[in-house]
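The values are calculated or read from the model by the stated rules, or taken from the named source; none is laboratory data. Quick caveat, the model's predicted, so the values are computed rather than measured. Using ideal geometry, Cβ is built from the backbone for each residue, glycine included, and neighbour counts are taken over all protein chains shown. When the accessible area is computed, the model is the full protein with side chains, heavy atoms only, and any ligands, DNA or RNA have been set aside. Shrake-Rupley method; radii C 1.70, N 1.55, O 1.52, S 1.80 Å.
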Amino acid sequence: EKGTYPHFMLKEIDEQPIVMRKIIKAYQNENNELKLDRNVREAIKACDRIYIIACGTSYHAGWTGKQVIEKLAAIPVEVHVASEFSYNMPLLSAKPLFVFISQSGETADSRAVLVKIKAMGYPALTITNVPGSTLSREADYTLHLYAGPEIAVASTKAYTAQIAVLAILAVDAAQAKGITLDFDPMQELAIAANAMEMLTDQKEAMEDLVVNHLEKARHAFFIGRSSDYYVCLEGALKLKEISYIQAEGFAGGELKHGTIALIEEGTPVIALATQANVNYAIRSNVQEVVARGANAMVISMKGLEQENDTFVLPHVHALLTPLVTVVPLQLLAYYAALHRGCDVDKPRNLAKSVTVE
Ligand code: F6R
(Lines give C-alpha, C1' and ligand atoms only; values in the text may rest on other atoms or scores of the structure.)
Protein backbone atom coordinates (compact mmCIF):
# COMPACT_ATOMS: atom_id res chain seq x y z
CA GLU A 1 0.00 0.00 0.00
CA LYS A 2 1.10 3.53 -0.79
CA GLY A 3 -0.07 4.95 2.53
CA THR A 4 0.27 8.74 2.47
CA TYR A 5 2.59 8.69 -0.53
CA PRO A 6 1.32 9.94 -3.90
CA HIS A 7 3.33 7.28 -5.73
CA PHE A 8 4.95 3.94 -5.00
CA MET A 9 8.19 5.21 -6.49
CA LEU A 10 8.54 7.96 -3.89
CA LYS A 11 7.70 5.52 -1.10
CA GLU A 12 10.26 3.05 -2.39
CA ILE A 13 12.94 5.73 -2.65
CA ASP A 14 12.25 6.63 0.97
CA GLU A 15 12.42 3.00 2.08
CA GLN A 16 16.03 2.64 0.99
CA PRO A 17 17.70 3.39 4.35
CA ILE A 18 15.34 0.91 6.05
CA VAL A 19 16.21 -1.73 3.48
CA MET A 20 19.93 -1.11 4.08
CA ARG A 21 19.44 -1.71 7.80
CA LYS A 22 17.44 -4.88 7.12
CA ILE A 23 20.24 -6.19 4.93
CA ILE A 24 22.88 -5.38 7.54
CA LYS A 25 20.85 -7.26 10.15
CA ALA A 26 20.07 -10.21 7.90
CA TYR A 27 23.68 -10.80 6.93
CA GLN A 28 25.20 -10.42 10.40
CA ASN A 29 25.20 -12.77 13.41
CA GLU A 30 24.84 -11.64 17.02
CA ASN A 31 28.63 -11.01 17.23
CA ASN A 32 28.40 -8.59 14.31
CA GLU A 33 30.18 -11.09 12.08
CA LEU A 34 29.21 -11.60 8.49
CA LYS A 35 26.80 -14.48 8.07
CA LEU A 36 26.53 -15.78 4.54
CA ASP A 37 25.47 -19.23 3.33
CA ARG A 38 28.58 -21.48 3.67
CA ASN A 39 27.90 -23.00 0.26
CA VAL A 40 28.05 -19.56 -1.36
CA ARG A 41 31.41 -18.96 0.29
CA GLU A 42 32.71 -22.31 -0.99
CA ALA A 43 31.46 -21.58 -4.50
CA ILE A 44 33.25 -18.25 -4.54
CA LYS A 45 36.43 -19.76 -3.18
CA ALA A 46 36.35 -22.40 -5.89
CA CYS A 47 35.84 -20.06 -8.85
CA ASP A 48 38.52 -18.29 -10.86
CA ARG A 49 36.19 -15.67 -12.35
CA ILE A 50 32.69 -14.32 -11.70
CA TYR A 51 30.30 -13.64 -14.56
CA ILE A 52 27.54 -11.24 -13.55
CA ILE A 53 24.45 -11.54 -15.76
CA ALA A 54 21.58 -9.05 -15.56
CA CYS A 55 19.37 -6.54 -17.42
CA GLY A 56 18.56 -2.85 -17.02
CA THR A 57 18.94 -1.44 -13.54
CA SER A 58 20.18 -4.76 -12.17
CA TYR A 59 22.90 -4.70 -14.83
CA HIS A 60 23.96 -1.27 -13.62
CA ALA A 61 24.17 -2.57 -10.04
CA GLY A 62 26.35 -5.36 -11.43
CA TRP A 63 29.01 -2.86 -12.52
CA THR A 64 29.30 -1.47 -9.02
CA GLY A 65 29.42 -5.06 -7.78
CA LYS A 66 32.32 -5.78 -10.11
CA GLN A 67 34.29 -2.84 -8.72
CA VAL A 68 33.68 -3.84 -5.12
CA ILE A 69 34.42 -7.56 -5.64
CA GLU A 70 37.60 -6.90 -7.62
CA LYS A 71 38.88 -4.28 -5.17
CA LEU A 72 38.08 -6.16 -1.96
CA ALA A 73 38.38 -9.81 -2.92
CA ALA A 74 40.73 -9.68 -5.93
CA ILE A 75 38.52 -11.98 -8.02
CA PRO A 76 38.15 -11.01 -11.71
CA VAL A 77 34.54 -10.14 -12.58
CA GLU A 78 32.85 -9.68 -15.95
CA VAL A 79 29.46 -7.98 -16.26
CA HIS A 80 27.18 -8.90 -19.14
CA VAL A 81 23.80 -7.85 -20.44
CA ALA A 82 21.83 -11.10 -20.36
CA SER A 83 20.33 -10.84 -23.86
CA GLU A 84 23.75 -10.27 -25.43
CA PHE A 85 25.42 -13.04 -23.46
CA SER A 86 22.89 -15.55 -24.74
CA TYR A 87 23.77 -15.07 -28.37
CA ASN A 88 27.38 -13.98 -28.12
CA MET A 89 28.96 -15.91 -25.29
CA PRO A 90 32.49 -14.80 -24.41
CA LEU A 91 35.30 -17.27 -23.88
CA LEU A 92 34.84 -18.58 -20.38
CA SER A 93 37.51 -19.16 -17.75
CA ALA A 94 38.23 -22.67 -16.44
CA LYS A 95 36.10 -22.31 -13.29
CA PRO A 96 33.42 -19.67 -13.74
CA LEU A 97 30.77 -18.79 -11.17
CA PHE A 98 27.66 -17.16 -12.64
CA VAL A 99 25.90 -14.51 -10.58
CA PHE A 100 22.42 -13.53 -11.74
CA ILE A 101 21.09 -10.24 -10.42
CA SER A 102 17.34 -9.84 -10.75
CA GLN A 103 14.83 -7.97 -8.63
CA SER A 104 11.90 -10.07 -9.88
CA GLY A 105 13.79 -13.30 -10.47
CA GLU A 106 11.59 -13.78 -13.53
CA THR A 107 13.43 -11.92 -16.29
CA ALA A 108 13.39 -14.13 -19.40
CA ASP A 109 16.65 -12.83 -20.85
CA SER A 110 18.51 -13.72 -17.65
CA ARG A 111 16.76 -17.08 -17.38
CA ALA A 112 17.85 -18.01 -20.90
CA VAL A 113 21.48 -17.62 -19.81
CA LEU A 114 20.86 -19.57 -16.62
CA VAL A 115 19.37 -22.49 -18.55
CA LYS A 116 22.32 -22.46 -20.94
CA ILE A 117 25.08 -22.36 -18.35
CA LYS A 118 23.39 -24.98 -16.16
CA ALA A 119 23.31 -27.28 -19.19
CA MET A 120 27.05 -26.66 -19.49
CA GLY A 121 27.45 -27.74 -15.84
CA TYR A 122 28.47 -24.39 -14.29
CA PRO A 123 27.41 -23.19 -10.82
CA ALA A 124 24.97 -20.29 -10.46
CA LEU A 125 24.05 -17.88 -7.69
CA THR A 126 20.96 -15.68 -7.95
CA ILE A 127 20.66 -12.39 -6.07
CA THR A 128 16.96 -11.57 -6.02
CA ASN A 129 14.17 -9.88 -4.16
CA VAL A 130 11.90 -12.90 -4.67
CA PRO A 131 13.44 -16.07 -3.21
CA GLY A 132 10.80 -18.41 -4.67
CA SER A 133 11.22 -16.99 -8.18
CA THR A 134 12.28 -18.94 -11.24
CA LEU A 135 15.85 -17.66 -11.23
CA SER A 136 16.16 -18.48 -7.56
CA ARG A 137 14.74 -22.00 -7.89
CA GLU A 138 16.85 -22.88 -10.90
CA ALA A 139 20.16 -21.60 -9.52
CA ASP A 140 22.33 -23.50 -7.03
CA TYR A 141 22.34 -20.68 -4.47
CA THR A 142 20.28 -17.60 -3.65
CA LEU A 143 21.03 -14.39 -1.80
CA HIS A 144 17.95 -12.41 -0.76
CA LEU A 145 17.71 -8.64 -1.21
CA TYR A 146 15.24 -7.97 1.62
CA ALA A 147 13.90 -4.91 -0.23
CA GLY A 148 10.23 -5.82 0.24
CA PRO A 149 7.80 -5.65 -2.69
CA GLU A 150 8.84 -3.15 -5.35
CA ILE A 151 5.69 -1.95 -7.10
CA ALA A 152 6.77 1.07 -9.17
CA VAL A 153 8.00 -0.02 -12.58
CA ALA A 154 11.16 2.07 -12.13
CA SER A 155 13.48 0.14 -9.86
CA THR A 156 14.94 2.10 -6.94
CA LYS A 157 15.28 0.26 -3.65
CA ALA A 158 16.15 -2.99 -5.43
CA TYR A 159 19.16 -1.28 -7.03
CA THR A 160 20.63 -0.06 -3.74
CA ALA A 161 19.80 -3.42 -2.09
CA GLN A 162 21.64 -5.21 -4.91
CA ILE A 163 24.71 -3.04 -4.38
CA ALA A 164 24.66 -3.64 -0.63
CA VAL A 165 24.33 -7.42 -1.03
CA LEU A 166 27.08 -7.45 -3.67
CA ALA A 167 29.31 -5.53 -1.24
CA ILE A 168 28.57 -8.10 1.46
CA LEU A 169 29.37 -10.87 -1.01
CA ALA A 170 32.67 -9.12 -1.77
CA VAL A 171 33.55 -8.86 1.91
CA ASP A 172 32.70 -12.51 2.45
CA ALA A 173 34.85 -13.50 -0.52
CA ALA A 174 37.72 -11.42 0.85
CA GLN A 175 37.40 -13.13 4.24
CA ALA A 176 37.27 -16.54 2.56
CA LYS A 177 40.54 -15.73 0.83
CA GLY A 178 42.16 -14.50 4.05
CA ILE A 179 42.30 -10.86 2.92
CA THR A 180 42.03 -8.37 5.81
CA LEU A 181 40.12 -5.17 5.13
CA ASP A 182 41.23 -1.86 6.55
CA PHE A 183 37.68 -0.77 7.36
CA ASP A 184 34.54 -2.18 8.97
CA PRO A 185 32.23 -2.88 6.01
CA MET A 186 29.03 -3.27 8.04
CA GLN A 187 29.69 0.00 9.83
CA GLU A 188 30.31 1.70 6.50
CA LEU A 189 27.02 0.31 5.19
CA ALA A 190 25.27 1.71 8.27
CA ILE A 191 26.88 5.11 7.62
CA ALA A 192 25.66 4.94 4.03
CA ALA A 193 22.14 4.15 5.26
CA ASN A 194 22.18 7.28 7.43
CA ALA A 195 23.44 9.34 4.51
CA MET A 196 20.62 8.02 2.32
CA GLU A 197 18.16 9.10 4.97
CA MET A 198 19.58 12.62 4.99
CA LEU A 199 19.10 12.75 1.23
CA THR A 200 15.54 11.49 1.17
CA ASP A 201 14.82 14.34 3.59
CA GLN A 202 15.90 16.90 1.00
CA LYS A 203 13.22 16.41 -1.60
CA GLU A 204 12.45 20.08 -1.99
CA ALA A 205 16.00 20.84 -3.10
CA MET A 206 15.69 18.13 -5.75
CA GLU A 207 12.37 19.44 -6.95
CA ASP A 208 13.92 22.92 -7.32
CA LEU A 209 16.74 21.47 -9.41
CA VAL A 210 14.20 19.85 -11.69
CA VAL A 211 12.45 23.16 -12.21
CA ASN A 212 15.78 24.80 -13.07
CA HIS A 213 17.29 22.07 -15.21
CA LEU A 214 14.91 19.42 -16.45
CA GLU A 215 11.28 20.53 -16.56
CA LYS A 216 11.48 21.77 -20.13
CA ALA A 217 14.49 19.74 -21.28
CA ARG A 218 14.42 17.66 -24.44
CA HIS A 219 17.55 15.76 -23.54
CA ALA A 220 20.05 15.48 -20.69
CA PHE A 221 23.51 14.09 -20.07
CA PHE A 222 24.95 12.45 -16.98
CA ILE A 223 28.72 12.43 -16.71
CA GLY A 224 31.02 10.79 -14.20
CA ARG A 225 34.25 8.87 -13.93
CA SER A 226 35.16 5.64 -12.17
CA SER A 227 32.29 4.40 -9.97
CA ASP A 228 30.31 7.58 -10.68
CA TYR A 229 30.09 6.53 -14.32
CA TYR A 230 27.97 3.47 -13.52
CA VAL A 231 25.62 5.59 -11.44
CA CYS A 232 25.33 7.93 -14.44
CA LEU A 233 24.07 5.01 -16.52
CA GLU A 234 21.44 4.34 -13.88
CA GLY A 235 20.50 8.02 -13.48
CA ALA A 236 19.98 8.31 -17.23
CA LEU A 237 17.87 5.15 -17.37
CA LYS A 238 15.65 6.38 -14.52
CA LEU A 239 15.12 9.74 -16.21
CA LYS A 240 14.38 8.17 -19.62
CA GLU A 241 11.94 5.56 -18.46
CA ILE A 242 9.66 7.74 -16.37
CA SER A 243 10.03 11.30 -17.71
CA TYR A 244 10.66 10.39 -21.40
CA ILE A 245 13.52 12.89 -21.55
CA GLN A 246 16.17 11.45 -23.81
CA ALA A 247 19.12 10.94 -21.49
CA GLU A 248 22.53 9.32 -21.67
CA GLY A 249 25.20 8.49 -19.13
CA PHE A 250 28.78 9.03 -20.24
CA ALA A 251 32.24 8.44 -18.88
CA GLY A 252 33.65 11.94 -18.43
CA GLY A 253 36.72 11.09 -20.49
CA GLU A 254 34.62 9.94 -23.46
CA LEU A 255 32.89 13.30 -23.90
CA LYS A 256 35.59 14.77 -26.11
CA HIS A 257 35.48 11.67 -28.34
CA GLY A 258 32.17 12.67 -29.87
CA THR A 259 29.37 13.38 -27.46
CA ILE A 260 30.44 16.92 -26.70
CA ALA A 261 29.16 17.84 -30.16
CA LEU A 262 25.63 17.53 -28.72
CA ILE A 263 26.15 20.13 -26.01
CA GLU A 264 24.47 23.41 -26.87
CA GLU A 265 23.08 26.42 -25.04
CA GLY A 266 21.00 25.19 -22.10
CA THR A 267 21.68 21.43 -22.43
CA PRO A 268 21.30 19.94 -18.95
CA VAL A 269 24.46 18.14 -17.81
CA ILE A 270 24.45 16.40 -14.46
CA ALA A 271 27.99 15.70 -13.26
CA LEU A 272 28.85 13.37 -10.39
CA ALA A 273 32.05 14.12 -8.47
CA THR A 274 32.41 11.73 -5.53
CA GLN A 275 35.77 10.11 -6.24
CA ALA A 276 38.99 11.74 -5.03
CA ASN A 277 41.21 10.22 -7.72
CA VAL A 278 39.15 11.66 -10.59
CA ASN A 279 37.88 14.85 -8.96
CA TYR A 280 40.17 17.10 -10.95
CA ALA A 281 39.44 15.33 -14.25
CA ILE A 282 35.65 15.38 -13.95
CA ARG A 283 35.73 19.05 -13.05
CA SER A 284 37.62 19.84 -16.24
CA ASN A 285 34.86 18.01 -18.11
CA VAL A 286 32.33 20.25 -16.39
CA GLN A 287 34.28 23.32 -17.49
CA GLU A 288 34.33 22.00 -21.06
CA VAL A 289 30.55 21.62 -21.21
CA VAL A 290 29.88 24.90 -19.41
CA ALA A 291 32.10 26.67 -21.94
CA ARG A 292 29.74 25.34 -24.62
CA GLY A 293 26.65 26.63 -22.86
CA ALA A 294 25.56 23.60 -20.82
CA ASN A 295 23.20 24.11 -17.90
CA ALA A 296 25.39 22.02 -15.59
CA MET A 297 24.82 20.81 -12.08
CA VAL A 298 27.55 19.21 -10.01
CA ILE A 299 26.71 16.66 -7.37
CA SER A 300 29.82 16.19 -5.23
CA MET A 301 30.69 14.65 -1.90
CA LYS A 302 31.72 16.18 1.41
CA GLY A 303 35.49 16.51 1.44
CA LEU A 304 35.70 16.89 -2.35
CA GLU A 305 33.28 19.76 -2.81
CA GLN A 306 34.13 23.03 -4.51
CA GLU A 307 32.55 26.43 -4.41
CA ASN A 308 29.32 26.61 -6.44
CA ASP A 309 28.67 22.85 -6.43
CA THR A 310 24.95 22.35 -6.83
CA PHE A 311 24.57 19.65 -4.22
CA VAL A 312 27.01 18.14 -1.73
CA LEU A 313 26.38 14.58 -0.56
CA PRO A 314 27.34 13.38 2.93
CA HIS A 315 30.67 11.55 3.01
CA VAL A 316 30.58 7.75 2.70
CA HIS A 317 33.22 5.11 1.98
CA ALA A 318 34.55 5.47 -1.57
CA LEU A 319 33.41 1.97 -2.61
CA LEU A 320 29.86 2.60 -1.40
CA THR A 321 29.22 6.02 -2.95
CA PRO A 322 26.74 4.63 -5.54
CA LEU A 323 24.34 3.91 -2.66
CA VAL A 324 24.03 7.61 -1.92
CA THR A 325 24.78 9.16 -5.31
CA VAL A 326 21.85 7.42 -6.90
CA VAL A 327 19.31 8.85 -4.44
CA PRO A 328 19.31 12.43 -5.82
CA LEU A 329 19.20 11.01 -9.35
CA GLN A 330 16.16 8.90 -8.48
CA LEU A 331 14.50 11.98 -7.02
CA LEU A 332 15.40 14.08 -10.07
CA ALA A 333 13.77 11.49 -12.31
CA TYR A 334 10.73 11.34 -10.06
CA TYR A 335 10.16 15.11 -9.99
CA ALA A 336 10.93 15.46 -13.69
CA ALA A 337 8.22 12.91 -14.46
CA LEU A 338 5.82 14.56 -12.03
CA HIS A 339 6.35 18.07 -13.43
CA ARG A 340 5.93 16.81 -16.97
CA GLY A 341 2.65 15.10 -16.14
CA CYS A 342 3.89 11.55 -16.69
CA ASP A 343 2.50 8.42 -15.08
CA VAL A 344 5.33 7.93 -12.57
CA ASP A 345 4.56 4.41 -11.39
CA LYS A 346 3.42 2.99 -14.71
CA PRO A 347 5.43 4.52 -17.56
CA ARG A 348 4.27 3.78 -21.09
CA ASN A 349 5.45 0.65 -22.88
CA LEU A 350 6.96 -0.90 -19.77
CA ALA A 351 6.11 -3.84 -17.52
CA LYS A 352 7.47 -4.52 -14.05
CA SER A 353 8.70 -7.93 -14.95
CA VAL A 354 9.91 -8.72 -18.48
CA THR A 355 9.08 -12.36 -19.06
CA VAL A 356 9.68 -12.50 -22.81
CA GLU A 357 13.09 -12.56 -24.51
C1 F6R B 1 14.46 -0.07 -14.64
C2 F6R B 1 13.99 -1.45 -14.46
C3 F6R B 1 14.47 -2.49 -15.41
C4 F6R B 1 14.83 -3.78 -14.65
C5 F6R B 1 15.14 -4.92 -15.64
C6 F6R B 1 15.59 -6.16 -14.92
O7 F6R B 1 13.96 0.77 -13.67
O8 F6R B 1 13.28 -1.73 -13.55
O9 F6R B 1 15.55 -2.05 -16.18
O10 F6R B 1 15.92 -3.52 -13.83
O11 F6R B 1 14.01 -5.19 -16.41
O12 F6R B 1 14.61 -6.63 -14.06
P13 F6R B 1 14.95 -7.68 -12.94
O14 F6R B 1 15.89 -7.03 -11.99
O15 F6R B 1 13.63 -8.02 -12.32
O16 F6R B 1 15.59 -8.86 -13.61
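Worth pointing out:
- DSSP bridge orientation in the chain - percent antiparallel, rounded to nearest 5: 5
- Cα pair distances of region 1-131 binned at 5 Å [whole percent]: 2, 9, 16, 21, 20, 14, 9, 6, 3, 1, 0
- Comparing L255, G266, I24 along the charge dipole axis of the chain, the residue lying farthest to the positive side is I24, per the Cβ-charge model.
- Nearest-ten-degree value, helix 56-73 long axis tilted from longest Cα axis of the chain: 70
- Sequence of H213, H144 when ordered by accessible area, the most exposed leading, probe 1.4 angstrom: H144, H213
- Taking the Cα centre of the chain as origin and assigning +1 to Lys and Arg Cβ atoms and -1 to Asp and Glu Cβ atoms, the resulting dipole is close to 720 debye.
- If R0 equals 41 Å, the separation of the Cβ atoms of N212 and K346 corresponds to a calculated FRET efficiency of about 0.90.
- Taken along the Cα-to-beta-carbon direction at a fixed 7 Å, the label points for A281 and T310 span 2.2 nm.
- Unit Cα scatterers, Debye sum, region 93-197: log10 I(q)/I(0) for q = 0.19, 0.20, 0.22 Å⁻¹: -1.01, -1.08, -1.18
- Region 219-351 - charge dipole about Cα centre, Lys and Arg +1 at Cβ, Asp and Glu -1, debye rounded to 20: 140
- Which listed pairs, of K2/K66; K45/K203; K11/K216; K118/K346, have C-alpha distances above 32 Å, in listed order: K2/K66; K45/K203; K118/K346
- Amide N proximity, region 47-74 versus L92 label position 7 Å along Cα-to-Cβ, cut-off under 19 Å: 47-55
- Residue by residue, region 22-36 carries 3J(HN,Hα) couplings of 5, 5, 4, 5, 5, 9, 10, 8, 5, 8, 6, 9, 5, 10, 10 Hz when phi is fed to the Karplus relation 6.51 cos²θ - 1.76 cosθ + 1.60 (θ = phi - 60°); x denotes Gly or Pro.
- Region 224-357: Cα Rg divided by the 2.2 N^0.38 Å rule of thumb: 1.08
- If you wrap the tightest convex hull around every Cα atom of region 211-254 and split its volume per residue, you get 65 Å³.
- What the chain shows is 41 Å² of accessible area per residue, with the surface traced by a 1.4 Å probe over protein heavy atoms.
- Calculated [222 nm] ellipticity per residue, helices only, for the chain: -14500 deg cm²/dmol; basis is -39500 (n - 2.57) per DSSP H run with n ≥ 4, divided by all residues, nearest 500.
- For region 256-334 versus region 30-92, the spacing of their alpha-carbon centroids is 28 Å.
- Compared with the rule-of-thumb size 2.2 N^0.38 Å for a compact globular protein, the chain has a Cα radius of gyration ratio of 0.96.
- Stretching T259 away from A291 to a fully extended chain increases their span by 10.1 nm, per 0.36 nm per residue minus the current alpha-carbon distance.
- For the set E1, E15, E254, the ranking by accessible area, highest first and with no ligand, DNA or RNA atoms included, is E1, E254, E15 under a 1.4 Å probe.
- Dipole-positive endmost among A173, T156, S136 within region 80-195 (Cβ charges, Cα centre): S136
- Highest-first packing order for the peptide set 123-130, 302-309 is 123-130, 302-309, based on the mean count of other beta carbon atoms within 10 Å.
- Table column - 3J(HN,Hα) (Hz), region 190-200, Karplus curve with 6.51, -1.76, 1.60, x for Gly and Pro: 5, 5, 4, 4, 5, 5, 4, 5, 4, 6, 5
- Charge dipole (the chain, unit charges on Cβ, about Cα centre) - positive-most of I50, A318, L91: L91
- Gyration tensor (alpha-carbon) shape descriptor, region 127-183, a/c threshold 1.5: oblate
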